[in-house]
Amino acid sequence: MSEGSLRAERTVAVEGIARVEGEGSLRAVVRDGSVSDVELTIFEPPRFFEALLQGRDRLEPPDITARICGICPVAYQMSSCRAVEDALGIDVGPDIAALRRLLYCGEWIQSHALHVTLLHAPDFFGCADAVELASLDSAAVERALRLKRVGNLVMETVGGRAVHPVNVRVGGFYRAPTREEVGALEGPLREALDLARKTVEWTSGFDFPDVTGDYLFVALHDPDRYAIDSGRVVSSAGLDTDAAGFLEAAVEEHVERSTALHSRLFGRDEYLTGPLARFALNEGQLGPVARRAATGAGLVGACRNPFRSIVVRSVELVEACEQALGIVGSYAPPAPGAVEVPARAGTGAGATEAPRGLLLHRYEIGPDGLIDAARIVPPTAQNQLSIEADLRRVVERGLELSDSALAARCEQAVRNHDPCISCAAHFLDVEVVRT
Amino acid sequence: MSERDGAGADVRPSLAVWKLASCDGCQLTLLDCEEELLAIAGAVRIAHFTEMSSASVSGPYDVSLVEGSITTEEDAARIGEVRRSSRTLVTIGACATAGGIQSLRNFSEPGSFARTVYAHPEYLRSLETSTPVEAHVRVDLALHGCPIDRGQLLEVVAALLAGRRPVLPGHSVCEQCKSRGTVCVLVAGSTPCLGPVTRAGCGAICPAVGRGCFGCFGPADTANTASLARRLAADGVSPDAVVRLFRTFNAGAPAFEKESRAHERGLLAR
């Protein structure tokens, strides 16, 4: 038994959660051996995107909102395009939709490879970072860097640039890549598919703390495929609605400790989006290779251990490679590369699955083609309350741990959800107060 | 450089990476150097890089890369500490060099942005402006772009390791279009394009896909923005659209700010 647990009052603090994107803090209060309060505080400086979008042209949201997040700019581009297109009554058709999904698969591969191996896996080896991990298992790190490169290659080929792609526009693409350009992705994606399967095998052998969350899962669901950028918003409690309907149901509240707005379903229930939710709701839609990888990793049915999210994320790496290969194999350049975008007033909403969870946008566009109002609901803001609930469970089950070990476990629990704090608005430092 | 870090046996120069108000994309560009990342990690001692590592060593640092703009009192104080602990301070990206997209608040009525987004603006501790790092401390080198270019970042790291001045372009995107053989979208298609006044570095990727440059890398060294604005007006671009064109990620860069303010009457009338 550690010294810490013998004290009636105890404070454990971590100044700045590393290997997440953005800045926040975490504080748990332990009183007489039980957890009385847990707060995830996000004080990443707010950048006021919803305000600065007012008065901008209806064509600008993909370029402007991409700048909310350098790790998942495509998610912002895709959700914003869908929302504006919904407002203006545009349907881009199946060919443009497929090319968009290929771009999005590139981002999933890039982001998941980064998080699984370079940011999250070091926790399971007691390493500070991927460089230290490379000294223990260089093959794993090199595999991830290669996967990441392939993801970026897809983004560069379709989007013109890996961070903040330039080729995306409301209505489609400025220029559809040629059959040869897209065909050249097949070899790298086949290699990536194999590396992703090895990543699933690798992560499934990690030691996972035994923690179970009673999550309310929310994800997009598309009967035809593992949903990335299409489908309706469904929940594990039977909700089935569209983006606009979900935005009415997800009530946001502004609390003093956070520049991210907290979301509750129907103003009441905390919920979780992201890989665990997607897998729980869409396992049946996985492609055959991803499904075999999941089964081989012991993932059958909903996974409620947040520490195993790294395995689910790895399965999604396989899925993204598999979907991308399917698109590449049957690609013909959409002609034209973009549909006409009318200048008319309208209100619309769009939802897609960012690598870290559901991302919704809503725009009101005036008759002059300018944006009157914008609303953006990013995944980490939606997940914040569920992450806090996880932390409570982790602290409750880890009271026997030393202060430093418990703080490290808490940090890891935050990283389980690949939080994008820049997206959420937002500095993570961890503090456990025991009184 | 090694005698400065006081780390005993480790003679590698130390590198620190800092984040202020930003999207993480420029830091990610360092992690995007997939083929070179482990080589960089071998050549320098990564002393502080929160996005990549939970290990952090206190300064002084040989080189600090700073991403993001100053939007809070805390960050204004923090950048002073970073400056004092850094031998060479390099700003990376449009937020650090020009204030970023979040500098659009500088053009609005004070407080209006916070009231639009948050139910309780009184909970926020945010400045009324977003300002570049150089408005607060001395900057040794600025790397432009939204995001920065991977090749330019590697050039800066290689140059600093070799103790030479990095070679970075000050000319415009137009030259890159010419060198890659892209037909001018402004001349041939009357597509509004900031290429003539925007610093090269991206590879002229927008005209290559048939769209106009939208100024990610900020103003080139000798940008004649007024001349370009006249050309845009002659092509029928409205004053409001000219304002929006100059007023994105580098809205706070002096040349772009001056030009956008010259046309904004129409926008304010809305």
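The values are calculated or read from the model by the stated rules, or taken from the named source; none is laboratory data. Everything quoted here is computed from the prediction, not taken from an experiment. Ideal geometry is used to build each Cβ from the backbone, glycine not excepted, and the neighbour counts take in all protein chains shown.
Tabulated results
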| quantity | calculated |
| --- | --- |
| Among (1) more than 21 Å from residue A:411 (Cβ to Cβ); (2) more than 8 Å from chain B (Cβ to nearest Cβ); (3) crowded, with 19+ Cβ neighbours inside 10 Å - the single one residue A:38 does not satisfy | (1) |
| Test: residue in the stretch B:120-137 that is at the interface with another protein chain (Cβ under 7 Å from one of its Cβ atoms), out of contact with any Pro (no Cβ under 8 Å at 6 or more places or on another chain) and at pLDDT below 95 | yes |
| Hits in the stretch B:193-220 (condition: within 11 Å of another protein chain (Cβ to nearest Cβ) and outside any helix (DSSP H, G or I)) | B:202, B:203, B:204, B:209, B:210, B:211, B:212, B:213, B:214, B:215, B:216 |
| The stretch B:221-259, subset polar (S, T, N, Q), under 26 Å from residue B:147 (Cβ atoms) and within 13 Å of chain A (Cβ to nearest Cβ), residue surrounded by the fewest Cβ atoms within 10 Å (Cβ to Cβ) | B:248 |
| Members of the stretch A:362-381 found to be closer than 17 Å to residue A:169 by Cα and touching a Phe, Trp or Tyr at 6+ places or on another chain (Cβ under 8 Å), listed by number | A:371 |
| Test: residue in the stretch A:345-356 that is surrounded by fewer than 18 Cβ atoms within 10 Å (Cβ to Cβ), modelled with pLDDT of 95 or more and not in a strand (DSSP E or B) | yes |
| Helices (runs of 4 or more DSSP H) lying entirely in the stretch A:87-141 (those with 2 or more residues that are away from chain B (no Cβ under 13 Å) and not aliphatic (A, V, I, L, M)) | A:93-113 |
| Single match in B:223, B:204, B:253 (criterion: under 20 Å from residue A:56 (Cα atoms) and of a type outside the set (Lys, Arg)) | B:253 |
| Restricting the stretch A:172-192 to residues that are among the basic types (Lys, Arg) and more than 27 Å from the chain's Cα centre (by Cα), the residue that is nearest to residue A:160 (Cα to Cα) | A:175 |
| Restricting the stretch A:56-71 to residues that are modelled with pLDDT under 95 and more than 13 Å from residue B:249 (Cα to Cα), the residue that is surrounded by the most Cβ atoms within 10 Å (Cβ to Cβ) | A:69 |
| Wholly within the stretch A:258-337, helices (runs of 4 or more DSSP H) carrying at least 1 residues that are among the aromatic types (Phe, Trp, Tyr) and within 22 Å of residue A:229 (Cα to Cα) | A:275-282 |
| Answer residue from the stretch A:240-250, given it is more than 20 Å from the chain's Cα centre (by Cα) and at pLDDT below 95 and is surrounded by the most Cβ atoms within 10 Å (Cβ to Cβ) among those | A:249 |
| Verdict on residue A:162 being part of a helix (DSSP H, G or I), among the small types (Gly, Ala, Ser) and buried (at least 21 other Cβ atoms within 10 Å of the Cβ) | no |
| Residue ID - nearest to the other protein chains (Cβ to nearest Cβ), chosen from residues in the stretch B:85-115 that are among the β-branched types (Val, Ile, Thr) and crowded, with 18+ Cβ neighbours inside 10 Å | B:101 |
| Sole residue being surrounded by fewer than 23 Cβ atoms within 10 Å (Cβ to Cβ), touching a helix residue (DSSP H, G or I) at 6+ places or on another chain (Cβ under 8 Å), among the charged types (D, E, K, R) and at pLDDT 95 or above, chosen from A:264, A:225, A:232 | A:225 |
| Given (1) within 14 Å of another protein chain (Cβ to nearest Cβ); (2) surrounded by fewer than 17 Cβ atoms within 10 Å (Cβ to Cβ); (3) closer than 22 Å to residue B:19 by Cα, index of the condition residue B:147 fails | (2) |
| Residue identified as more than 30 Å from residue A:122 (Cβ to Cβ), out of contact with any helix residue (DSSP H, G or I) (no Cβ under 7 Å at 6 or more places or on another chain) and in a loop (DSSP other than H, G, I, E, B) among A:364, A:340 | A:340 |
| Answer residue from the stretch A:166-176, given it is at the interface with chain B (Cβ under 9 Å from one of its Cβ atoms) and of a type outside the set (Ser, Thr, Tyr) and is farthest from residue A:73 (Cα to Cα) among those | A:175 |
| Residue match in the stretch A:62-76 (condition: within 14 Å of another protein chain (Cβ to nearest Cβ), outside any helix (DSSP H, G or I), out of contact with any strand residue (DSSP E or B) (no Cβ under 8 Å at 6 or more places or on another chain) and under 24 Å from residue B:240 (Cβ atoms)) | yes |
| Condition broken by residue B:158, with the remaining ones in (1) part of a helix (DSSP H, G or I); (2) within 14 Å of chain A (Cβ to nearest Cβ); (3) more than 17 Å from the chain's Cα centre (by Cα) satisfied | (2) |
| Helices (runs of 4 or more DSSP H) fully within the stretch B:1-83 counting 2 or more residues that are modelled with pLDDT of 85 or more | B:25-31, B:37-43 |
